[in-house]
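What follows is a short report on a single structure.
The values are calculated or read from the model by the stated rules, or taken from the named source; none is laboratory data. All values derive from a computational prediction rather than experimental measurement. Note that each Cβ is placed from the backbone with ideal geometry, even for glycine, and that neighbours are counted across all protein chains shown.
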Amino acid sequence: MAYNLGWLDVSDRLVTLDSANPFEQTWETPFGLPPFEAIKPEHFPPAFEAGLEQHRANIEKIKSQPDAATLANTIDALEMAGRGLNRVSKVFFNLSGAHTNDALQEIERDMAPKLAAHSSAIFLDQTLFARIKYLHGRMAELGLSEEQARMLDRYQSWFKRAGAELNDAARARVSEIQQQLATLSTRFNQNVLADEQAWHMVLDGEEELAGLSDSLREAAAKAATDMGLEGKHVITLARSSVEGFLTFSARRDLREEAFEAWGARGAKPGDTDNRGLLVEIVALRAEMAKLMGFDTYADYTLQETMAKTPDAVNDLLLKVWEPAVAQVAEERDALAALAKSEGENAEIAPWDWRYYSEKQRKAQYDLDEAELSPYLSLENVINAAFETANKLFGLTFTPVETAPKYHKDCRVFDVRDGDGKHVAVFIGDYFARSSKRSGAWMSGFRGQRKLHGEVRPVIVNVMNFAAVAPGEDVLISFDDAETLFHEFGHGLHGMLSDVTYGSLSGTNVTRDFVELPSQLFEHWMRHPKALERFARHHKTGEPMPADLLKRLQAARNFNQGFSTVEYTASALVDMALHAHPADKAIEDVEAFETATLEKIGMPKEIIMRHRLPHFMHITGGYAAGYYSYLWSEVMDADAFGAFEEAGDIYDAETAKRLKTNIYAVGNKRDPEEAYRGFRGRGPEIESLMKKRGFAV
């Protein structure tokens, strides 16, 4: 697809490539999806080089034009430049996370610093910055729309925060730092994946399977078969596998072995040791912040968030930390009493918590995961997410059987609105495999924009549920069902985007706002009215019994101390790490982690949800930003209250305001203004405390 801006020609195709390279071709596929079957690892290096060359040429044309800067010849042109490079990057980095291999990882290591250098060259360019400053200084007289003004202001900010106002030497050093960080972060993430791939536990015989549910046994048998261990059972470090094992296994020694492997990712001596890498990453970030005029990296990165300062973040985190720690003490004592009653006299250890917590929930509420999961088949939960999107926003999801896929397990859907208009393509990639990093996330192969022609997005949700044998129903936990709704909420944020500029579309918002659409969507999954509709037995189709539903709701805040401490500890350590003074080097991240946890009073029976050596959030876009889940939770708890106040969780008028002000708005409005546009006021923390079951 080519776009002619009069003096600047840009295209998604990279015409300098060999014609056999898919990135040189127009993709005649359904909805212009990447022709995955035709794209091979060897196509990426020349495509990246051609994309970089094309983008550099476009930038030179923008810089060298004789006319004075206008929105069209500068901001619009920057937005459209680099389309070919963007197409290559979107395909490559989605595959590097969801379906990688040795060849792709080698390319990623090679390209990471080159792409960082390319980005720095643009955002540190003095000629470009001069054009943007000229426009920004005359913003009031340009007659701009709200979105145009927002886009111009964002470019001014992006260039300044990249270091465009620094002197020559400082700009050169910032560019070097960005390249080093790209290299180190790539190695860090690949090391975590390597450690996850390298470990598995073979369970041989009924004694080692003791306590495991039928669905977990089926998943473990499938994992064993995939490894050529027919007749055995295998536990892997995919979260759904290892957490299920820790929850149900009656073998304390095996729980300890699995837990230690899970916690040690990235922290073992050898080629995959991330401890030294993180020391370098933190030092480089601190140096960059100092160059930018900030005391710490946390001060630098929080400047343009809703939180603004580390003090504001810590204030929120500690408001939930203190009651959560107090509740953990009560939970621990209850678990210890239960363990003792069963003949276990050892203190509760981290590998015991999930096991005895599940038993305690059964004893206290007559509720356990094995009773719930038959009503939470993966198919039912996916359909429930689709139905909720339909009831709120009028969306329908139709399978596209002829669509190309990057893995056979992927599912592709044509998403349309109530008028039958195409809205997006949605890809669901639900099962764990060795080529996929752990966790769950939303991404996109194409973003939404309307500049120089309407372009609708291609959105992907990636999960890591344990697969079972063909023909068997995949049963997931209640937490897994919430995760699916969470990522689908991110997906809706991308699919419903309705902006002109691609840089402002979808999830391109501040980190402490981006989790609002995802966490808010979870509310519909766990609401009794929704569960009555979709929580049906995978074999009989019977709805979840009213008594079971009642017990589920009664247990809603069970173990809330544990889950709050597990998460909040990670957020507090992340903030401490990046708010550390630049002139006081951190030499040992594990020692820093231990000291920080001791300072805040971390219960010894729990570890951080993400220990520093495998904390991939903070080597990605969440450095000094992991707090954002809680910050957004203040808003999501308060926002769902709007539907409750309307008396209908699918209220049409409230849903319309939600779509307009939250899901469709992207970053064309300040996030605080966007929230007020929906709710009519700012968020109130009392809703969060009530949601988590803490006293207000």
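Only one entry of Ala535, Ala585 meets the criterion of being aliphatic (A, V, I, L, M) and surrounded by 19 or more Cβ atoms within 10 Å (Cβ to Cβ), and that entry is Ala535.
The set of residues in the stretch 193-234 that are small (Gly, Ala, Ser) and touching a helix residue (DSSP H, G or I) at 6+ places or on another chain (Cβ under 8 Å) comprises Gly211, Ser213, Ser215, Ala219, Ala220, Ala223, Gly231. Selection of first residues in the stretch 480-497 that are free of Cβ contacts under 8 Å to residues at least 60 places away in the same chain and of second residues that are outside any helix (DSSP H, G or I) and among the β-branched types (Val, Ile, Thr), restricted to Cβ pairs under 8 Å at least 6 apart or on distinct chains, gives the following pairs, ordered by first then second residue: Glu487/Val462; His490/Thr507. Filtered by the rule that a residue be touching a residue at least 24 places away in the same chain (Cβ under 8 Å), of a type outside the set (Gly, Ala, Ser) and part of a loop (DSSP other than H, G, I, E, B), the stretch 201-232 gives Asp204, Leu212, Met227, Leu229, Lys232.
Per-residue answers, yes or no, for (1) part of a loop (DSSP other than H, G, I, E, B); (2) more than 19 Å from Lys691 (Cα to Cα):
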position: Val320; (1), (2): no, no
position: Val328; (1), (2): no, no
position: Arg332; (1), (2): no, yes
position: Leu335; (1), (2): no, yes
position: Lys340; (1), (2): no, yes
position: Glu344; (1), (2): yes, yes
position: Ile348; (1), (2): yes, yes
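Applying the set (1) at pLDDT 95 or above; (2) touching a Ser or Thr at 6+ places or on another chain (Cβ under 6 Å) to Ile382 leaves exactly one unmet item: (2).
The residue of the stretch 252-294 that is farthest from Asp352 (Cα to Cα), among those that are in contact (Cβ under 8 Å) with a residue 24 or more places away in the chain, over 25 Å from the mean Cα position of the chain (by Cα) and not in a helix (DSSP H, G or I), is Met292. Taking the stretch 593-696 and the helices (runs of 4 or more DSSP H) fully enclosed by it, the elements with 3 or more residues that are in contact (Cβ under 8 Å) with a residue 40 or more places away in the chain and not small (Gly, Ala, Ser) are at 628-646, 671-679, 685-691.
Listed by position, the helices (runs of 4 or more DSSP H) contained in the stretch 34-109 that have at least 1 residues being in contact with an Asp or Glu (Cβ under 7 Å, 6 or more places away or on another chain) and surrounded by 20 or more Cβ atoms within 10 Å (Cβ to Cβ) are 83-98. Considering Val468, Val462, Val514, the condition of being of a type in the set (Val, Ile, Thr) and either buried (at least 23 other Cβ atoms within 10 Å of the Cβ) or assigned to a helix (DSSP H, G or I) (or both) is satisfied by Val514 alone.
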